[in-house]
Amino acid sequence: MSSLVKEDLEKKLFKPLSQNLYEFIEIEFSVQDRYYLCVSVTKKEEVKIIMVKHYRIGLDEKYEITKKWSLNDLQMIDGKEADTDNPFFDLHFKKVYRLEAYSCASKYAFARTVNKLNHAYLKKDLQIVNFDSTYINDDSIWSSNNKDCLVLMRICFYAFNLVCLSLCPLPL
C-alpha cells in the first residue's frame, strides 16, 4: 500500500516539482483528511521537508502541499521519549510543530532519513534528541535498508532475551 502511495506522490506532486521523494510517513494531523510528512531533494540538492494533504475528488487522488520547510532551517527533532513506544515528535524550526506519526516505527524512519540526508547534503549539526540512537545512526549494527523492520527486529530480540532470563532458575 505505501509503495503505491509513494509512487502516486512522486508522479503527481514531486516529479512536476523536479524533486526526488526519499521518505514519507503518514501523520495524524486532522480527523477528516490524511496528511503525509515527506522528505525530498531538489535538483539543486536542497533537502525539503513537506507536509502534504491527501484527499479525493470523485475517484481521483489529489495532493496539496500545506507546509514546506528547508532542512537547513530545521534546528532539532525531538522524539519526546526514547524509552517509550510513542509516535509523538516535535520539529523545531522558527516555530515548534508538534506531530503524531502513524506509528513509532514511522517516526524513526522519518528521523533516520532526515539524519542520513543531513549527513549527505548539509553536514550541519542537527540535533536529534529523545530517540534511541541505535535506530537512528547508520553506523550501528542494527541499521538496515528495511527501515521499519529493524525496529521490530530489535524489539523481538529484547523480548526473546527477557523470556530466556525469566526461565532461568534463580540461585538460592
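Structural remarks
- Residue check for residue 82: open to solvent by less than 20 Å² (accessible area, probe 1.4 Å), of a type in the set (Gly, Ala, Ser) and closer than 27 Å to residue 137 by Cα: no
- Set 26, 10, 46: member being open to solvent by 60 Å² or more (accessible area, probe 1.4 Å) and of a type in the set (Asp, Glu): 46
- Strands (runs of 3 or more DSSP E) within the range 23-81 that include 2 or more residues at pLDDT 95 or above and more than 17 Å from residue 104 (Cα to Cα): 34-42, 47-57, 60-70
- Odd one out for residue 132, checked against (1) modelled with pLDDT under 95; (2) open to solvent by less than 60 Å² (accessible area, probe 1.4 Å); (3) closer than 27 Å to residue 7 by Cα; (4) not β-branched (Val, Ile, Thr): (3)
- Residue within the range 88-102 that is aromatic (Phe, Trp, Tyr), open to solvent by 70 Å² or more (accessible area, probe 1.4 Å) and in a strand (DSSP E or B) present: yes
- Per-region count, the range 1-22, residues farther than 20 Å from residue 121 by Cβ and assigned to a helix (DSSP H, G or I): 11
The values are calculated or read from the model by the stated rules, or taken from the named source; none is laboratory data. Everything numeric here is computed off the predicted structure, so don't read it as measured data. For neighbour counting, all protein chains shown are included, and Cβ atoms are generated from backbone atoms with ideal geometry for every residue, glycine included. Side chains included, ligands, DNA and RNA excluded: accessible areas come from the protein's heavy atoms. Shrake-Rupley method; radii C 1.70, N 1.55, O 1.52, S 1.80 Å.
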